[in-house]
Amino acid sequence: MSFSVERFDFREQDVAEREKTQVMLQNWPVVYVLNNQRDVYVGESLNASLRMKQHLASPSKANFEVVRVILEETYNKSVCLDLESHLIRWFSGDGHYRIRNRNDGVTNSNYYRRAEYRETFRSVFDTLRESEHLFQRTVPQIENTELFKYSPFKSLTHDQAIAVEDILEGLFQDLSVEEQGSGTLGQLSPALESRETGPERDVSTPIVIQGSAGTGKTIVAIYLLKLLCDIRDSDPDETMDNDTIFSDYYTQGYAEMLQGMRLGLVVPQQSLRTTITRVFKKVPGMEGIQVMTPFQVGESQDDFDLLVVDEAHRLNQRANQASGPLNKKFADINTALFGEDSTSWTQLDWIRVKSRHSILLLDQTQSVRPADLPAQNTRSVIQNAQLHHRFYRLQTQMRIREDEDYLGYIKSVFSNHPPAEPQTFRDYDLRLYSDFSAMREKILELDERVGLCRVVAGYAWEWKSRKDKTQYDIEIDGVKLRWNGTLVDWISSANSSHEMGSIHTVQGYDLNWAGVVIGPDIRFDETSQKICFERDSYFDKKGRENNPALGIYYSDEDILQYVLNAYHVLLTRGIQGTYVYACDPALQRYLSKHIPAADASPWGTPDSLL
């Protein structure tokens, strides 16, 4: 497969001249890139010269300066759609240009000889980077960036796409019900008019998306918000690039319904919230979406038309907050919203009051502190959503590079009902280390080679270095380390590879390899054959704190579940591999029955995946 890149100025006369000498511009599937100093747009077409003329006539595209057309005589429509999607994602992760594409055209379909064609895509990228200077980073560097990992230009899995399509349909139904009630429905597309509406529809019931670690809940939230922005800002008179499952929403009526809508994304975790805010600022149309804490929602002077809540299980009930001012703020918000400061109100109630519509993404098994929403609250929310046909489950694993059920296996290992037989994972590097120093050295080596490899641990050591930077927090096998030096974007911080990360710095993030230390906060009782909690070795004060305001006092068994949830999160961060070390000798012996030893791992060496 041999390709070429035709480069010419994005002007009518240049397009006309080039089509006279290059027949493939008029009747052949191609991929093209438009750019100016600030923006880039990637498209595919069977008639590139006609498509250029359409773009030149469009006010939204006419300000581009240069076009590059990628020509290859064996390309077909499927190949071009795939290459287009790859380039959009790479441009998004590179961050040099603003992406002017919609995100509904990003595909991940199979086709004949896909693996062979995809091998050539790197060559196309290298040419665009080295000869055309369109990229500043290499592909591995791009794919390690937060812009790539949290980009709205992701190809959705089958169950993600179904959820997004159904949510869009339901949201527009809700909006049409409201507009019918206000008499402002106006003229809509036949597709929208044919949908079932009626005053009996309960538009206040939150939509719920449930998915375990790695199923892409955050990606769905970001994708959906970008899609809504694209529909809102679309011109129904502009010629569409291609047909997608969302193309019906770019017709008359839909954009009008979204005009003036106030959109918000609620992210309880501080670090992830900061990361997503940076991503949104890089994506045209998404700059106006507020990325907020639950407190910012409660204090807002205005209501929201749609709030999307990521990791909704991390919303708080009334409990002792991280500081005195936050305790007062919690009470003040309750009083302002409900007329009294009742201990029964939770941050989920704030979301309901402050939004006309809401979407909750959650996984109760990732609740890691007693202050999080109680399990009965999340169960009630899920049951209500199921009753009103507003519940969606994500099942396809996106993070872990393994077809087998790694997540289920790890959860089973750390339960009272362990697997009867050890399981091996052909495409996943799972190893148990008996020497912490050796594990850390391996993680450092991998970080040098591929990046995004970190050592993380349960909160089983006091955070002394937070107040005294000369102190070390952790000592294992003679190795001294400090906890994460920052709570915000620790994974990308300069010194993170030489520190120990906690649950509060990695939840919601991906790593290539994770070295997970199972601290002395849990141990294995060889008599009862059960994992037990060691309260004296657990230093997350908010993770073990009773709630006298609600009359709740947590037993060791109660806290153990939160601790195991946290370890499950840590053990499911690695895309390509997870290395494990247990401080408790009995737990190390138990784990050796279920996880291959580092020097006997059937996986051998990570070189095959690098």
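Of all residues in region 125-169, those satisfying the criterion of being touching a strand residue (DSSP E or B) at 6+ places or on another chain (Cβ under 9 Å), surrounded by fewer than 19 Cβ atoms within 10 Å (Cβ to Cβ) and closer than 22 Å to residue 34 by Cβ are 127, 131, 132.
Give 25, 50 a once-over and let me know the one that is modelled with pLDDT under 95 and crowded, with 18+ Cβ neighbours inside 10 Å.
Values: 50 fails: crowded, with 18+ Cβ neighbours inside 10 Å.
Of the residues listed, the single one that is modelled with pLDDT under 95 and crowded, with 18+ Cβ neighbours inside 10 Å is 25.
Would you kindly identify the helices (runs of 4 or more DSSP H) lying entirely within region 1-110 that contain at least 2 residues that are acidic (Asp, Glu)?
Working: elements: 12-21, 48-56, 77-94.
In region 1-110, the matching helices (runs of 4 or more DSSP H) lie at 12-21, 77-94.
When region 476-534 is filtered for residues that are under 21 Å from residue 568 (Cβ atoms), in contact with a Cys (Cβ under 8 Å, 6 or more places away or on another chain) and of a type in the set (Gly, Ala, Ser), the ones remaining, listed by number, are 514, 515, 519. In this structure, residue 278 does not qualify as closer than 27 Å to residue 543 by Cβ and among the charged types (D, E, K, R).
In region 501-582, which strands (runs of 3 or more DSSP E) lie fully inside it and hold 2 or more residues that are small (Gly, Ala, Ser)? Let's see the steps before the verdict.
Details: elements: 511-518, 522-525, 530-533, 574-582.
Of the strands (runs of 3 or more DSSP E) lying wholly inside region 501-582, those with at least 2 residues that are small (Gly, Ala, Ser) span 511-518, 574-582.
How about region 451-475: which of its residues are touching a strand residue (DSSP E or B) at 6+ places or on another chain (Cβ under 7 Å), closer than 22 Å to residue 522 by Cβ and of a type in the set (A, V, I, L, M, F, W, C)? Within region 451-475, 455, 456, 457, 461, 463, 474 qualify.
Which of the residues that make up region 270-300 are part of a loop (DSSP other than H, G, I, E, B) and within 22 Å of residue 317 (Cα to Cα)? Break it down stepwise before answering.
Within region 270-300, the first condition is being part of a loop (DSSP other than H, G, I, E, B), and the residues that meet it are 282-289, 293, 300.
Within region 270-300, 293, 300 meet the criteria.
If you check 134, 128, 175, which single one turns out to be at negative phi and assigned to a loop (DSSP other than H, G, I, E, B)?
On the way: 128 fails: assigned to a loop (DSSP other than H, G, I, E, B); 175 fails: assigned to a loop (DSSP other than H, G, I, E, B).
Only one candidate passes the filter, namely 134.
For region 464-480, which positions are surrounded by 13 or more Cβ atoms within 10 Å (Cβ to Cβ) and hydroxyl-bearing (Ser, Thr, Tyr)? Within region 464-480, 465, 472 qualify.
Being loosely packed, with under 11 Cβ neighbours inside 10 Å and within 19 Å of residue 140 (Cα to Cα) is the filter here; which residues of region 106-118 pass it? Answer for region 106-118, where residues must be loosely packed, with under 11 Cβ neighbours inside 10 Å and within 19 Å of residue 140 (Cα to Cα): just 115. Taking the listed residues 489, 435, the one that is farther than 26 Å from residue 269 by Cβ and surrounded by fewer than 20 Cβ atoms within 10 Å (Cβ to Cβ) is 435, with no other qualifying.
Which of the following residues is of a type in the set (S, T, N, Q), closer than 22 Å to residue 229 by Cα and in contact (Cβ under 8 Å) with a residue 40 or more places away in the chain: 4, 58, 45? Give the steps one after another, and end with the answer.
Numbers: 4 fails: closer than 22 Å to residue 229 by Cα; 45 fails: closer than 22 Å to residue 229 by Cα.
Step by step, each of 4, 58, 45 is checked, and only 58 is of a type in the set (S, T, N, Q), closer than 22 Å to residue 229 by Cα and in contact (Cβ under 8 Å) with a residue 40 or more places away in the chain.
Taking residue 209 as the residue in question, decide whether it is at pLDDT 85 or above, outside any strand (DSSP E or B) and within 30 Å of residue 573 (Cβ to Cβ). Here the answer is no, as residue 209 does not meet what is asked. Inside region 409-446, residues that are modelled with pLDDT under 90 and either of a type in the set (Gly, Ala, Ser) or within 27 Å of the chain's Cα centre (by Cα) (or both) make up a count of 3. Please tell me if residue 286 is closer than 30 Å to residue 227 by Cα, modelled with pLDDT under 95 and within 23 Å of the chain's Cα centre (by Cα). In short, yes.
Of the residues that sit in region 445-465 and are of a type in the set (A, V, I, L, M, F, W, C) and outside any loop (DSSP other than H, G, I, E, B), which one is farthest from residue 143 (Cα to Cα)? Lay out the reasoning, then the answer.
Looking only at region 445-465, we keep the residues that are of a type in the set (A, V, I, L, M, F, W, C), and these are 446, 450, 452-453, 455-457, 460-461, 463.
From what's left, outside any loop (DSSP other than H, G, I, E, B): 446, 450, 453, 455-457.
On the way: 446: 16, 450: 10, 453: 13, 455: 20, 456: 21, 457: 25 Å.
By that ranking, first place goes to 457.
Going through (1) in contact with a strand residue (DSSP E or B) (Cβ under 7 Å, 6 or more places away or on another chain); (2) aromatic (Phe, Trp, Tyr); (3) within 27 Å of residue 119 (Cβ to Cβ) one by one, residue 28 falls short only on (1). Looking across region 319-345 at every residue that is touching a residue at least 40 places away in the same chain (Cβ under 8 Å) and touching a helix residue (DSSP H, G or I) at 6+ places or on another chain (Cβ under 6 Å), the one that is farthest from residue 264 (Cα to Cα) is identified as 343. One residue stands out in region 147-176 among those that are at pLDDT 90 or above and of a type in the set (Asp, Glu): the one that is farthest from the chain's Cα centre (by Cα), namely 169. State whether the residues of region 347-367 include one that is touching a helix residue (DSSP H, G or I) at 6+ places or on another chain (Cβ under 7 Å), surrounded by fewer than 21 Cβ atoms within 10 Å (Cβ to Cβ), among the acidic types (Asp, Glu) and part of a helix (DSSP H, G or I). So far as region 347-367 goes, no, none of its residues is touching a helix residue (DSSP H, G or I) at 6+ places or on another chain (Cβ under 7 Å), surrounded by fewer than 21 Cβ atoms within 10 Å (Cβ to Cβ), among the acidic types (Asp, Glu) and part of a helix (DSSP H, G or I).
Restricting attention to region 65-80, the residues that are more than 12 Å from residue 28 (Cβ to Cβ) and crowded, with 21+ Cβ neighbours inside 10 Å total 1. Being out of contact with any helix residue (DSSP H, G or I) (no Cβ under 8 Å at 6 or more places or on another chain), in contact (Cβ under 8 Å) with a residue 40 or more places away in the chain and surrounded by 18 or more Cβ atoms within 10 Å (Cβ to Cβ) is a condition met by no residue of region 413-432.
Being assigned to a helix (DSSP H, G or I) and on the phi > 0 side of the Ramachandran plot is the filter here, so list the residues in region 309-346 that pass it.
To start, the set of residues in region 309-346 that are assigned to a helix (DSSP H, G or I) comprises 312-314, 324-338.
Scanning region 309-346 gives no hits.
Taking (1) surrounded by fewer than 19 Cβ atoms within 10 Å (Cβ to Cβ); (2) in contact with a helix residue (DSSP H, G or I) (Cβ under 9 Å, 6 or more places away or on another chain); (3) at pLDDT 90 or above in turn, residue 528 satisfies each apart from (2).
Going by the structure shown, is residue 308 in contact (Cβ under 8 Å) with a residue 60 or more places away in the chain and among the β-branched types (Val, Ile, Thr)? Considered against the rule, which asks whether it is in contact (Cβ under 8 Å) with a residue 60 or more places away in the chain and among the β-branched types (Val, Ile, Thr), residue 308 comes out as yes.
The values are calculated or read from the model by the stated rules, or taken from the named source; none is laboratory data. Note that the structure is a prediction, hence the values are computed from the model and not measured. For neighbour counting, all protein chains shown are included, and Cβ atoms are generated from backbone atoms with ideal geometry for every residue, glycine included.
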